[in-house]
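Just below is one structure, and these are the notes that go with it.
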Amino acid sequence: MLEKNTKLYFIFGVFAIAVLIVFYIVFDQISTLDTHVKNVELNLELALKSDIATSTASSTIPPLPTGDANPPITEQGESIAIPTGIVFNATSSPLLQPQATIVFIVQDVAKQADGKVFVHLKASTERAQSYSAIDPKDFFQLVSLSSDNQRALGVDGAWSSMPPQGTVQGTLMFQVDPSQTSLILQVGKGDAIKFYQFDFQTKTYKEVVLG
C-alpha cells in the first residue's frame with residue numbers, strides 16, 4: 001500500500017513540475033511578446049514624431065533657390081565691344097537675409113548691328129556670409145534725353161541664388177536704334193548713380209555728368 005502511495009505521489013510530483021514548467025514557458029512567452037509589442041509601439045511613436053518634425057521643418061524653412069527663371073540671352077552676329085573698368089557697390093535684395101554688399105563689375109558693353117546692346121556683368125559676393133540675391137535691372141538703365149530711361153529688356157545669370165565668397169556672371173540686354181552710334185549708361189542707385197557715355201565709332205567710353 002505504501003509503495004502504491006509513493007508511486008502516486010511521484011506521479012503527482014512529476015505532473016506538478018510539468019505544470020510549473022509549462023506555466024513558466026507560457027509566462028515567459030507572454031512577457032517577451034509584451035516587451036516586443038511595447039518596442040513596436042515605441043518605435044512607431046518615434047517614427048511619427050520624426051515625420052512630424054521633418055514635415056514641420058520643411059514647411060517652415062523654405063528651400064534655398066537654386067537658379068534664375070530668366071531665359072538665357074542669345075547674342076548673334078558680330079558686335080562692337082567696349083571693355084570697361086566700371087566698378088560699384090550695391091546692396092543685395094532683402095529676400096535673402098542677411099543683406100550684403102555686392103560688388104558689380106561691368107566687363108564690357110557691346111552693340112550689334114541690329115541695335116541690341118549687351119552689358120556683360122560680373123558680381124563679387126566676397127563680403128557676403130550666406131546666399132544672397134540681387135536684380136541687376138535695378139542698377140542699370142539706358143538714358144534717354146527725350147523720354148523715360150530704358151530698363152533692361154532681358155537678363156540672364158544666377159542672380160537669385162548667389163553663393164557667398166564667389167562670383168556670378170550675367171548679361172543685360174537693351175535695344176536701341178540700329179543707326180545709333182553712342183549711348184549713355186546709368187549705373188548705380190539712389191545718390192550713388194553715375195553716367196557713362198559709350199561711343200561705338202571710336203570704341204571708347206567716359207564718365208559724364210548730367211544735370
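Points to keep in mind about this one:
- Over 19 Å (Cα to Cα) - which of K137/K203; K122/K189; K116/K189 fall in this group: K137/K203; K116/K189
- Ranked packing of 165-171, 186-192, 205-211, most packed first, by mean Cβ within 10 Å: 165-171, 186-192, 205-211
- Cα pair distances exceeding 18 angstrom across region 140-210, given as percent: 50 percent
- Per residue value of the accessible surface for region 98-146 (all protein chains in place, 1.4 Å probe), Å²: 39 Å²
- Other residues lying with their Cβ under 14 Å from the Cβ of F140 contribute a combined charge of +1, Lys and Arg counting +1, Asp and Glu -1.
The values are calculated or read from the model by the stated rules, or taken from the named source; none is laboratory data. None of these values were measured; they are calculated from a predicted model. Neighbour counts are summed over all protein chains in view; Cβ atoms, including those assigned to glycine, are modelled from backbone coordinates with ideal geometry. Only protein heavy atoms, including side chains, enter the accessible area calculation; ligands, DNA and RNA are left aside. Shrake-Rupley method; radii C 1.70, N 1.55, O 1.52, S 1.80 Å.
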